[in-house]
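Accompanying notes for the structure given below.
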Amino acid sequence: MKLLFEALLKFISGVILVSILLFLPAGTLKWTNGLLFLALLFIPMFITGIVMYLKAPDLLRRRLNVKEKQNEQKDVISYSGIMFILAFVIAGLNYRFQWVFFPNIVVVIGCVLFLISYLLFAEVLRENAYLSRTIEVQENQKVIDTGLYAIVRHPMYFATTFLFFTMPCILDSPISLLIMLCYIPIIVKRIKNEEEVLEKELDGYSEYKEKVKYKIIPFIY
C-alpha cells in the first residue's frame, strides 16, 4: 500500500505540475492540443504504472526513485527540468499569443509517433527488470543483450528521444521543438557517465559494448 500511495501521489503531482506549466501560460483550459497531450502522456503512464504494480513492484519502486548518486547525473536532471519547463511554458504562450504553428499533419504524425515510442518504452521495461531511473548497478544485476538491447545499448533513450521530440508537435509549438533539441547534448552527457559506471561495476558490460556497437540509433550513434 505504501508503494501504491507513493506511485499515485507522484502521478497526481505530475498531472498537476504539467497542467500548470501548460494551461497557465495558455490562459485557458480550452486548449485542445494541451488536453490531447495530457491524455496521451498520462493515460498510458497510468496503465503502465498499474501493470508494474501488479506484475513487477520492484521495478516500479526503482522507477519512482529519482535520487541520483552521481553528481554528473544531478546536473543532467537539472538541465532536463529546465528544458521541459521552458518547452511547456513556451507552448502555452505560443497558443495564447498565436505565434507560429505546425501544419495539422505534423500534429497527427506526432501523436502516432508518440504512442509508438511509448510502446517501445514499455517493451524496454518488460525486457529489463533492472531499469532504474538513477544510474546504479543493483545486486545480482546482469547485462541484458536480447530484444531491443541486441540492436542498441540504450533502447530506453531511443524511445524517450522520440517521445520528447514529438511532445512539441502534439502541442503544436515549433519553438518548443527547438528547445527540446537541447535534449541531444543532455542525453549524450548522461550516456557517457552511465557507461563509465556500468563498465566499472557491471560484469560483462565491456564485452557487451564490443558486441553491440551503437548506443541509441543503429548505424548513426
In nm, what is the difference between 0.36 nm times the number of residues separating Glu210 and Phe101 and their Cα-Cα distance?
34.8 nm
Cα centroid separation, the stretch 97-133 to the stretch 143-158 (Å)
18
With a 27 Å threshold on alpha-carbon distance, the violating pairs from Lys10/Lys30; Lys55/Lys192; Lys74/Lys209 are Lys55/Lys192
Per 5 Å bin from zero, what fraction in whole % of the C-alpha pairs of the stretch 35-133 is there, up to the bin with the longest pair?
2, 10, 14, 18, 20, 17, 10, 7, 2, 0
Compute the angle between helix 2-26 and the longest alpha-carbon principal axis of the chain, please, reported from 0 to 90 degrees and rounded to the nearest 10.
40
For the pair Leu8 and Val51, the simple spin-label estimate (label points 7 Å beyond Cα toward Cβ) gives in nm 2.2
Tell me the net charge near Gln141. Cut-off is 10 Å between Cβ atoms, Gln141 excluded, with +1 for each Lys or Arg and -1 for each Asp or Glu.
-3
Crossing angle, helix 155-170 versus the chain [Cα axis fit, 0-90 degrees, rounded to tens]
0
Between Val112 and Ser19, take the C-beta separation as r, use R0 = 35 Å, and let me know the FRET efficiency to the nearest 0.05.
0.90
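Values in this text are rule-based calculations from the coordinates and carry no lab data. Since the model is a prediction, treat every value here as computed from it, not as a measurement. Backbone-built Cβ (ideal geometry, glycine too); neighbour counts: all protein chains shown.
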